[in-house]
Amino acid sequence: MPSETGTATPLDPENLDALAELGQQLRVDSVRATDAAGSGHATSSMSAADLVAVLFARHLHYDFDAPDLATNDRFVLSKGHASPVLYAAFKAAGAVSDAELLTFRKEDSRLDGHPTPRIPWVDVATGSLGQGLPVGVGLALTARDLDRTDSRVWVLCGDSEIAEGSVWEAAEAAGALHLDRLTAIIDVNRLGQRGPTRHGHDLDSYARRFRAFGWHTIEIDGHDVHEIDAAYREAESTRGEPTVILARTIKGQGVRAAADHEGLHGKPLKDPEGAIAELGGVRDIRVSVQKPKDSAGQRNPAPAPLDLPRWDKGGDEVATRDAFGKALTALGTARRDVVVLDGEVGDSTRAEFFSKEHPERYFEMYIAEQQMVGAAVGMAARGWRPFAASFAAFLTRAHDFIRMAAVSQVSLALCGSHSGVAIGEDGPSQMGVEDLAMMRAVHGSTVLYPADANAAAHLTAAMADIEGISYLRTTRGANAVVYGPDEEFPVGGSKTLRSSSEDRLTVVAAGQTLHEALAAADRLAAEGVAVRVVDLYSVKPVDRETLWKAAEETGCLLTVEDHHPEGGIGDAVASAFDDGRPAPRLVRLAVRNMPGSATPAQSLAAAGIDADAITASVRMLVN
């Protein structure tokens, strides 16, 4: 009942009927928050209110004063648009005040329209649908295999997002991995954004598919607190299988003008005062969320000295993907917080080197790049240092997960191998020629592109300490070792390998094209044409000072990249002059053709980015 005195009313968690009152409070507060904001998803919150009420009051184990505690349960609101019900639950738990609840969606409020880790009790950002369950797999793997705790992971999904393929990548992974401490709760309220969902209230249509992936399924009335409580207890007692609870609910439950009505998605209710009265008025019920039974968990030792692999300058040719794999393995020996995830290409990316030395921290996600990155996000959110590797071309499938990882403010290292047309005979489907643009556009990202083995090893090690999303681009073929093993490669730096007071222009390259640029520079020098060569191994952040100096002293910058012209090295170089200073003449060589199968040398030539093309371009420019 509503509090007559204005003081909070403690909830008796043993009184199941009182949980229905808590559910009504969450609905009322969702209506109030969206009304105060003038926007938001009231009806989607109202359908999930009873599911959240029972979970917080009786089943979640969480210490709000210690959100980073390894033994805390984890709750992921995958249907992030229903954030009002989450914030209302935080209010009921005493974590936010009523005044703060009513700052929902306002500038400077931490209660964003969709949850982000600006709130300490939110592990990952949600709202891009289909991501909560893949991240939940990562959280469950972390609890079981890394932190070694008994904590549970609860993921609340909407029925509309079950159409996303990433959900089924997660369903297969969780079933195959027997993640029995992972529970998915599906709020089947029948209505999506523009109308009914594909399966409506047909719970069995969802259950059949989850069972096919090895899940234990439970079908309930999502507004009956007794059924909800029994389903949660059944999930907690299930062994060897993840559990999905399929809850039949009503969108806008509790208000006749809104219940099961189309056209109200994402909107506050038209008559909030009447709705609140119909729901029984404003309440101030308080819930004492159970704390974890213990605060233990596996702790990693302090890092040991790092012994990186070394290659002699001018020695055998080495592929940067090989250097990445060996350096990653050495990093795993020195640091117990480093974990690796593979998209079933570890033999090609060389991530498998790590698996042979540290199998307990190597996770095979198979050909499911969204799940691979989602799991990495979950691990990163719990304080581990994940490296996820696949072909550069295939990481494009996971771009939305990478984008949301930045919103989640996690630190995550990605490696894209087999980049560019230089892979040759495999042809265009395998050639990553968009990845630099994709990764440069991610908020706060770091993009690295080493040209030789020693650079790749040092930059791999550096990524373990980079905050935010970092990306290492590696190549398939072997190239000369141009740096000594003790050379340093600071993030944001570059290397000038050819330079003189007579330089007519500067060639800026990285990775594969650096070797082509050096060959071209040697040919031109024999003709009496001096050119400067800069290795732009840090594509983001870019070394502005070196580029400014090169522009001032040589007047023209020629960029050469094994990538499309849009968003890659050429654009990175151009960005160094976006502060209003006079820009130099800037000429770009990039992959402008549609490549086909050919040898690596033929592919580089066809794209116009090999030593011959660079030499010809320089001759034209200086003449």
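Laboratory data are not the source of any read-out in this text; all were calculated from the coordinates shown. Just so it is clear, the model here is predicted, and its values are computed rather than measured. Please note: Cβ atoms are built from the backbone with ideal geometry, for glycine as well, and neighbour counts cover all protein chains shown.
Observations on the model:
- Euclidean distance of C-alpha centroids, the stretch 566-586 and the stretch 251-266, integer Å: 52
- Cα gyration tensor shape of the stretch 231-359, rounded if a/c is under 1.5, else prolate or oblate by comparing a/b with b/c: prolate
- The separation of the stretch 346-402 from the stretch 190-210, counted between C-alpha centres, amounts to 31 Å.
- Rounded, prolate or oblate (a/c below 1.5 giving rounded, otherwise prolate when a/b exceeds b/c) for the stretch 495-622 by Cα gyration tensor: oblate
- Of Leu16, Leu264, the sequence from fewest to most neighbouring Cβ atoms within 10 angstrom is Leu16, Leu264.
- Estimated from helices alone, the mean residue ellipticity of the chain at 222 nm is -10500 deg cm²/dmol (sum of -39500 (n - 2.57) over DSSP H runs with n ≥ 4, per residue).
- Between the exposed loop cleavage positions of the chain, defined as GluC sites (Glu not before Pro) in a non-H, G, I, E, B DSSP state with at most 16 neighbouring beta-carbon atoms within 10 angstrom, the longest gap is 108-261.
- Pairwise label distance in nanometres, Arg118 with Arg619, each label 7 Å out on the Cα-Cβ vector: 5.8
- Separation between Cα centres of the stretch 466-481 and the stretch 53-94, rounded to whole Å: 39
- With both labels modelled 7 Å from their Cα along Cα-to-Cβ, the Glu487 to Arg110 distance reads 4.5 nm.
- Among His418, Ala327, Gly477 - extreme Cα towards positive end, dipole of the stretch 318-479, charges at beta-carbon: Ala327
- Grouping the Cα pair distances of the stretch 358-450 into 10 Å bins from zero gives a pair-distance distribution of 16, 49, 29, 6, 0 percent in increasing distance order.
- The chain: angle of helix 512-526 to the longest principal axis, Cα-based, in degrees nearest 10: 20
- Options Tyr62, Gly315, Asn623, ranked by Cα towards positive dipole end of the chain, top entry (Cβ charges): Asn623
- Cα gyration tensor shape of the stretch 318-479, rounded if a/c is under 1.5, else prolate or oblate by comparing a/b with b/c: rounded
- Principal-axis tilt of helix 369-381 within the chain, Cα atoms, nearest 10 degrees: 70
- Cleavage-rule hits (trypsin sites (Lys or Arg not before Pro)) in the stretch 112-213: DSSP loop, at most 15 neighbouring Cβ within 10 angstrom: Arg118, Arg148, Arg194, Arg198
- Cα long-axis angle, helix 83-92 against the chain (0 to 90 degrees, to the nearest 10): 60
- Candidate values (1) 3, 16, 24, 20, 15, 12, 7, 2, 0, 0; (2) 3, 13, 17, 19, 17, 12, 9, 6, 3, 1, 0, 0; (3) 3, 17, 25, 24, 17, 10, 3, 0, 0 were compared with P(r) over Cα pairs in 10 Å bins from 0, in percent computed on the shown model; the agreeing label is (1).
- Stretchable slack from Glu317 to Ser97, in nm (0.36 nm times residue separation minus alpha-carbon distance): 72.9 nm
- Summing Cβ point charges (Lys, Arg +1; Asp, Glu -1) relative to the Cα centre of the chain gives a dipole of roughly 500 debye.
- Sequence of Ile609, Ile250 once ranked by neighbouring C-beta atoms within 10 Å, starting from the fewest: Ile250, Ile609
- Label zone at Ala598, where the point sits 7 Å out along the Cα-to-Cβ direction: the stretch 533-575 residues whose backbone N lies under 20 Å: 560-566
- Sorted by Cβ density within 10 Å, fewest first, the residues Val167, Val287: Val287, Val167
- Only Lys, Arg (+1) and Asp, Glu (-1) charged, at Cβ; the stretch 495-622 dipole about Cα centre in debye: 120
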